[in-house]
Each structure stands twice: as structure tokens, then as C-alpha cells.
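Structure first, commentary second.
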Amino acid sequence: MDDGCLKAIKQQTNTHRKFLYIANSLLKNSQDSFIGYLNKQQRESELKFRNDISSLRKTLSKQKILRRCLDDKRRVDDCFYGHYGGVSLGMMSRDVEEVIAHNTPKLRRLRTIEGNMIAGLSDGRILSQDKIDTKMYNLFKNSI
């Protein structure tokens with residue numbers, strides 16, 4: 001009689017174990033899908049935030065450059081048609097785009113390098129090609 005009870009308990013335990021294994025796997029799959037959905041939403045919101053911030057930075061830089069161009073225009077021109085010489089903001093957009101194109105990081109680095117090259121050539125830290133040719137010629141001529 002104990003064997004029958006033990007067998008029934010063992011079958012019930014096995015049934016519960018199998019049921020819990022299946023239930024846990026279903027819950028794990030649903031949880032993984034929710035986690036994937038939340039991660040995707042987080043990535044999308046971060047990307048949207050980055051795009052919004054970059055567009056805001058561009059807009060603010062354009063406004064700052066426009067203000068600088070207007071101040072330059074006001075200083076250069078006489079006050080014939082108001083402060084800015086009758087120039088509309090639409091006409092100033094070309095100047096704003098020129099300033100933006102002039103101040104790209106690549107061009108700024110190139111201008112810095114060119115300035116360092118000119119300063120180095122004038123100081124003697126960098127030798128010109130002619131001086132290098134003559135020094136190398138003299139070095140090899142003296143060594144032979």
C-alpha cells in the first residue's frame with residue numbers, strides 16, 4: 001500500500017515538475033521578448049534624443065553665426081536703411097553658409113597645420129626642400 005502511495009506521489013511530483021518546467025520556459029520566453037522590446041525602445045529613444053540634440057546644436061550654431069554676420073554687416077555699412085543696410089535675413093543665409101563651410105573641423109585643422117608649417121619654415125624648425133637638397137648633397141659629397 002505504501003508503494004502505491006509513493007508511486008502516486010512520484011507521478012504527481014513528476015507531473016508538477018514538468019508543468020513548472022514548461023511554465024517557466026514560457027515565462028522566460030515572454031520575459032525575454034519584453035526585455036528585447038524594452039531594449040529596442042531604449043535604443044530608439046536614445047537615437048531620437050541624439051538626433052534632436054544634433055539638430056538643436058545646428059540650429060543654435062546657425063543663429064549664433066547669423067548674429068555674428070549681422071553684427072559684422074552693421075559695423076561695415078553706414079546706417080542707410082537701418083542698421084544692416086537693407087539686407088534681409090534670407091540674403092544673409094549665403095554668408096552664414098560660407099562661415100559654416102569655412103569653420104568645419106577639417107578646414108580648421110588644415111589652417112592650423114598650414115600656420116604651423118609657415119611658422120616652422122620661418123623659424124628654421126622645418127627646413128625647406130632646397131636647403132635639404134643642398135645639405136644632403138654636401139653630406140654625401142664630403143663622405144665620399
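Since every read-out is calculated from the coordinates, none of them should be taken as a lab result. This one's a predicted model, so the numbers in the text were calculated from it and none came from an experiment. So basically every Cβ, Gly included, is an ideal-geometry build from the backbone, and we count neighbours across all protein chains shown.
So the values come out like this:
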{"item": "Dipole magnitude of the chain about its Cα centre (Cβ charges: Lys, Arg +1; Asp, Glu -1), debye to nearest 20", "result": "280"}
{"item": "Length-normalised contact order for the chain - Cα pairs under 8 Å, 6+ apart - percent", "result": "12"}
{"item": "Prolate/oblate/rounded call for the chain, Cα gyration tensor, a/c under 1.5 rounded", "result": "oblate"}
{"item": "Set of lysines near residue 131 by C-alpha distance (under 29 Å), chain-local residues within fewer than 8 positions excluded", "result": "141"}
{"item": "Overall form of the range 1-43 per C-alpha gyration tensor (a/c, 1.5; a/b vs b/c)", "result": "prolate"}
{"item": "Karplus-derived HN-Hα couplings along the range 59-75 (A = 6.51, B = -1.76, C = 1.60, θ = phi - 60°), whole Hz, x at Gly and Pro", "result": "5, 5, 5, 4, 5, 5, 5, 4, 4, 5, 5, 5, 5, 5, 5, 5, 6"}
{"item": "More than 10 Å apart - percent of Cα-Cα pairs taken over the range 104-144", "result": "73"}
{"item": "Per-pair calculated FRET efficiency, R0 = 35 Å: residue 119 and residue 62 via Cβ, rounded to 0.05", "result": "0.60"}
{"item": "Long-range amide H partners of residue 126 with built H, under 5 Å", "result": "121"}
